[in-house]
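Participant: Below is one structure. I have some questions about it.
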Amino acid sequence: ASGSLAWLALLPSSLFLHASLTGDAVTNGLCFWLLAAMLSLAFGEKNFADSSRWLKAGIFVSSAMIVLSKPVYFPLVLLAWFIPKKKFSNNPSNYFYFAGGLCLFNLALLGWWYHYAGGLFIPYDEYHPQFREGVQLNAGGQPHE
């Protein structure tokens, strides 16, 4: 699994993107970390209860940052359902609490973000005329509709 991650990270397009100063480089780095953390939980030697609290908290924080920056990357959160139930040997219901909680947390976060960010769009006609030329604003555009 680590060879596959290294292969993906070293693709020319990945290297080009990570060499630039954009938010996408951070988002991709978080995606690689989240994927590695999920694979660690799924295929590592430790059970879920023995895993670090920082790892579990990091999964929640990194998934939140990913979903807020790129909502289309939400399916990465669903990887929690592929962690084998036997990793939760001390209490199998923790499997549903962890995977379901992670999904519900991120869905609630997405719902809140869409509700909050929906009102932040400024239509072309309401934008200051001195500053609206040269930016990607189209007259008559209403993304919420």
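The values are calculated or read from the model by the stated rules, or taken from the named source; none is laboratory data. Given the structure is predicted, the values throughout are model-derived calculations rather than measurements. Cβ sites come from the backbone with ideal geometry, for glycine too, and all protein chains shown count toward neighbours. Side chains are part of the model used for accessible areas, which takes the heavy atoms of the whole protein and leaves out ligands, DNA and RNA. Shrake-Rupley method; radii C 1.70, N 1.55, O 1.52, S 1.80 Å.
Participant: Could you check region 64-100 and list, in sequence order, the residues that are at pLDDT 90 or above and of a type in the set (A, V, I, L, M)?
Facilitator: A64, M65, I66, V67, L68, V72, L76, V77, L78, L79, A80, A99
Participant: Output yes when any residue across region 83-105 is part of a helix (DSSP H, G or I), in contact with a Ser or Thr (Cβ under 6 Å, 6 or more places away or on another chain) and closer than 22 Å to G29 by Cβ, and no when none is.
Facilitator: Scanning region 83-105, I find no residue that is part of a helix (DSSP H, G or I), in contact with a Ser or Thr (Cβ under 6 Å, 6 or more places away or on another chain) and closer than 22 Å to G29 by Cβ, so the answer is no.
Participant: Looking for whichever is more than 15 Å from the chain's Cα centre (by Cα), modelled with pLDDT under 90, loosely packed, with under 14 Cβ neighbours inside 10 Å and in a helix (DSSP H, G or I) here; the options are G134, G119, G141. Which one fits?
Facilitator: Going through G134, G119, G141 in turn, just one is more than 15 Å from the chain's Cα centre (by Cα), modelled with pLDDT under 90, loosely packed, with under 14 Cβ neighbours inside 10 Å and in a helix (DSSP H, G or I): G119.
Participant: For region 46-81, name all the residues that are open to solvent by 50 Å² or more (accessible area, probe 1.4 Å), in a helix (DSSP H, G or I) and touching a Ser or Thr at 6+ places or on another chain (Cβ under 9 Å).
Facilitator: Within region 46-81, M65, S69, Y73 meet the criteria.
Participant: Could I ask something else about it? Looking at this structure, is W7 closer than 23 Å to K85 by Cα and exposed (fewer than 11 other Cβ atoms within 10 Å of the Cβ)?
Facilitator: Judged against the criteria, W7 is not a match.
Participant: For residues in region 85-109 being within 18 Å of E45 (Cα to Cα) and open to solvent by less than 40 Å² (accessible area, probe 1.4 Å), which is nearest to the chain's Cα centre (by Cα)?
Facilitator: Y95
Participant: Okay, moving on. Here are some residues: F16, F43, F32. Which one is open to solvent by 50 Å² or more (accessible area, probe 1.4 Å), free of Cβ contacts under 8 Å to residues at least 12 places away in the same chain and of a type outside the set (V, I, T)?
Facilitator: F16
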